[in-house]
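Working notes, beginning with the structure itself.
The values are calculated or read from the model by the stated rules, or taken from the named source; none is laboratory data. Keep in mind it's a predicted model, so treat the numbers as computed, not measured. Please note: Cβ atoms are built from the backbone with ideal geometry, for glycine as well, and neighbour counts cover all protein chains shown. Keep in mind that these areas ignore ligands, DNA and RNA; they rest on the heavy atoms of the full protein, side chains included. Shrake-Rupley method; radii C 1.70, N 1.55, O 1.52, S 1.80 Å.
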Amino acid sequence: MDKIVHQFPPYRKEDVHHAHDEHDDHGHEHHDPGFWAKYIFSTDHKAIGIQYGFTALCFMLFGFFLMIMMRWQIAHPGTPVPVIGPLLAKVLGNVAAGGVISPELYNSFGAMHGTIMVFLGIVPLAFAAFGNYVVPLMIGAVDMAFPRVNMASYQAYFLGGLVMFVSFFIPGGAAQAGWTSYSPLATTIPTHGQLFWIIGMVLLISSSLLGAVNFIATIIQLRAPGMTWMRLPWFVWAQFVTAFLLLLAFPPLEAAAILQLMDNVAHTSFFLPTGLAVGGQLAGVSGGGSPLLWQHLFWFLGHPEVYVLILPAMGIVCEIIACNTRKPIWGYKSLVYAVLAIGFLSFIVWAHHMYMTGMGTKISAFFQATTMIISIPSVIILTCLFISLWGGSIRFNTPMLFALAFLPMFGIGGLTGLPLGFNVSDVHLHDTYYIIAHFHYVVAPGTIFGLFAGIYYWFPKMTGRKMNEFWGRVHFWCSLIFMNLVFMPMFAQGMAGMLRRMSDGGANYSAAVNARSGAEVIGGLSENIMSLHVWILWAAIALGIAQIPFIVNLFWSIKHGEKVGDNPWNSTTLEWQTPTPPPHGNFLHAPTVYRGPYEYSVPGHATDFTPQNEPPEHSPKIPAHAH
């Protein structure tokens, strides 16, 4: 331990020095921190990772409930929400009168579902929770480079989430301008919800920036001796690139959020054009601003954000596939260069979200080209993971099932994005249900499956116990089936022309409504397309029920799961070479790395895995006479 103490912040040297000495005679120097210091204001990367993870899962559950209520309103417009309708009316007031979700409330739920799932759910879970817990262990560090900054990062995130949550209960309700908060709509809606949204976003962005700086510094500076760049587990590479994406893409949105805040409270016109009419009357604004500027600043974050969502999940899947095929990952260097290419290219594709804004053909041609190019490194990553399965001795445990399902699900999400990358086809598909299906395939059965895989995989390291395998499989198969039943029909709805963000699910535009009014029906939505809403609603409810085994399994296994040793999966990377759960300071002895991260089934080796920190002279060999 003495070698590594010097990397540690000076104010915690004593703690680390005595962290693992069970027979320590100087007990007065090292005391066990109380509840508040250990669980609430902890600077230990593992505690902060668990804080992030638990909070993010709670927000994801909340975001899911918002979606269920929206799907009810879409499937049965104007019908009171069963069971919780009266509660909605009591808590939220007029916008939920009689337990019916009004169009205003529907817009609020839509805006907050997107915001909560992306900024309060998946990013904190994928980047901050797994990154905080696993990355320092994987690189052989005792903690993050800046533990107090790490703590501040979580606190800013928690405050941002609190502000977002509270906004539901203020007069007028939460933000209604969509998760993209487009101006001038975001400034002209007469509610303070948008103000809370912006303040919450500023806190969340600040949290991400603190985290990103910390990860970059940690991965560059605190790697164990021998942990060269090309010996890093690919999960660490994915987190490293993700940190750079956050660091470079979030500041423009933070600046834009401050400007939109000024438009809201100080009556400036950064994003408000001259001649803006609201409700048929000229708005009393100075004008001269550009609504398109907001879109550029938002999507300059928005597209790197897509890769912030997917890269950590890809990293998790890579670790699990290598471990459960019992062979080295195929094309490690290709994976590294591909993820670096994605990091660079993700900054020059943002305007493919903006083909409808009247951009010229030259500009749209540029963004079409970059969008097609960025699909290449994504395909390289997927190809490497698929080829890694070939010839493997595959173990089909719960983490592996989620990791395997991730591959085709992300493939569907990626392939259906290609028509959206072309101006000519995007003009027809833009703002339809096709878009919803496309990006949900990337982040729901894609990213979220990767995150579930990571929870099942690293849970034994965090607790010393495995989650129940049977209920894990029930959770997997039910989630896989119902996830596809929710999102697959949306491709058909989108191609039929059903627009998103309509609180009645397009009922007013349906063929049935037009026919009743005596109008000639041209291009109205058919009864078949409309009826899919009801199927999607029940599939979504079933998907929610399918999460109950996971939630029960998670909490039950903490105390009652099958006890396991330090390395239950027989894995090679450093996080499995620590005690379980890892104590304060992580390692009993400073680790030294001798080889790459995926040395499985090495010929002549007595076991089918060779840990990164196992000295070459100590590697058990198969005796010569045994051949």
> Of the numbered conditions (1) open to solvent by less than 20 Å² (accessible area, probe 1.4 Å); (2) modelled with pLDDT of 95 or more; (3) not aliphatic (A, V, I, L, M), TRP229 satisfies every one except a single condition; which is it?
Replying inline: (1)
> Name the residues in the range 232-270 that are open to solvent by 10 Å² or more (accessible area, probe 1.4 Å) and not aliphatic (A, V, I, L, M), would you?
Replying inline: TRP237, PHE240, PHE244, PRO251, PRO252, GLU254, ASN264, HIS267, THR268, SER269, PHE270
> If you check THR592 against the conditions, is it in a loop (DSSP other than H, G, I, E, B), over 21 Å from ARG223 (Cβ atoms), hydroxyl-bearing (Ser, Thr, Tyr) and out of contact with any helix residue (DSSP H, G or I) (no Cβ under 6 Å at 6 or more places or on another chain)?
Replying inline: no
>> If I filter the range 283-294 for residues that are open to solvent by less than 10 Å² (accessible area, probe 1.4 Å), small (Gly, Ala, Ser) and in contact with a Ser or Thr (Cβ under 9 Å, 6 or more places away or on another chain), do I get at least one hit?
In response: no
> Got at least one residue in the range 60-68 being farther than 30 Å from TYR154 by Cβ and of a type in the set (Gly, Ala, Ser)?
Replying inline: no
> In the list ALA89, ALA97, which residue meets the criterion of being more than 27 Å from ILE205 (Cβ to Cβ), hydrophobic (A, V, I, L, M, F, W, C) and open to solvent by 50 Å² or more (accessible area, probe 1.4 Å)?
Replying inline: ALA97
> What number of residues within the range 295-331 satisfy the criterion of being touching a Gly at 6+ places or on another chain (Cβ under 7 Å) and open to solvent by 10 Å² or more (accessible area, probe 1.4 Å)?
Replying inline: 2
>> Here are the criteria: (1) within 27 Å of TRP350 (Cβ to Cβ); (2) hydroxyl-bearing (Ser, Thr, Tyr); (3) not in a helix (DSSP H, G or I). Tell me which single one SER286 does not satisfy.
In response: (1)
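Per-residue answers, yes or no, for (1) farther than 29 Å from PHE482 by Cβ; (2) of a type in the set (Val, Ile, Thr); (3) exposed (fewer than 12 other Cβ atoms within 10 Å of the Cβ); (4) modelled with pLDDT of 95 or more:
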{"position": "ALA507", "(1), (2), (3), (4)": "no, no, no, no"}
{"position": "VAL513", "(1), (2), (3), (4)": "yes, yes, no, no"}
{"position": "SER526", "(1), (2), (3), (4)": "no, no, no, no"}
{"position": "HIS533", "(1), (2), (3), (4)": "no, no, no, yes"}
{"position": "ILE551", "(1), (2), (3), (4)": "no, yes, no, yes"}
{"position": "LEU554", "(1), (2), (3), (4)": "no, no, no, yes"}
> So how many residues does the range 414-432 have that are under 21 Å from the mean Cα position of the chain (by Cα), crowded, with 19+ Cβ neighbours inside 10 Å and more than 15 Å from HIS303 (Cα to Cα)?
Replying inline: 1
> Is there any pair linking a residue in the range 276-304 that is on the phi > 0 side of the Ramachandran plot to one that is among the hydroxyl-bearing types (Ser, Thr, Tyr), with Cβ under 6 Å and at least six apart or on different chains, and which?
Replying inline: GLY287/SER269; GLY287/THR274; GLY288/SER269; GLY288/THR274
> Of all residues in the range 324-383, which are assigned to a loop (DSSP other than H, G, I, E, B) and among the aliphatic types (A, V, I, L, M)?
Replying inline: ILE329, VAL349, MET354, MET359
>> Would you confirm, using the coordinates I've provided, whether TYR52 is under 21 Å from TYR133 (Cα atoms), at pLDDT 95 or above and either in contact with a Phe, Trp or Tyr (Cβ under 8 Å, 6 or more places away or on another chain) or open to solvent by 20 Å² or more (accessible area, probe 1.4 Å) (or both)?
In response: yes
>> What pairs come out if I take residues in the range 465-492 that are within 27 Å of THR580 (Cα to Cα) and pair them with residues that are of a type in the set (Asp, Glu) and surrounded by fewer than 18 Cβ atoms within 10 Å (Cβ to Cβ) whose C-beta lies under 7 Å away, six or more apart or interchain?
In response: ARG465/GLU562; LYS466/GLU562
> Hey, does the range 294-308 have a residue that's at pLDDT 95 or above and assigned to a loop (DSSP other than H, G, I, E, B)?
Replying inline: no
> Assuming ILE170 fulfils every condition listed in (1) in contact with a His (Cβ under 7 Å, 6 or more places away or on another chain); (2) at pLDDT 95 or above apart from one, which condition is it?
Replying inline: (2)
>> Residues to consider are MET151, MET144; find the one that is open to solvent by less than 10 Å² (accessible area, probe 1.4 Å), aliphatic (A, V, I, L, M), over 30 Å from LEU272 (Cβ atoms) and in contact with a helix residue (DSSP H, G or I) (Cβ under 9 Å, 6 or more places away or on another chain).
In response: MET144
>> Looking at (1) outside any helix (DSSP H, G or I); (2) crowded, with 18+ Cβ neighbours inside 10 Å, which one does TRP197 not meet, given that it meets all the others?
In response: (1)
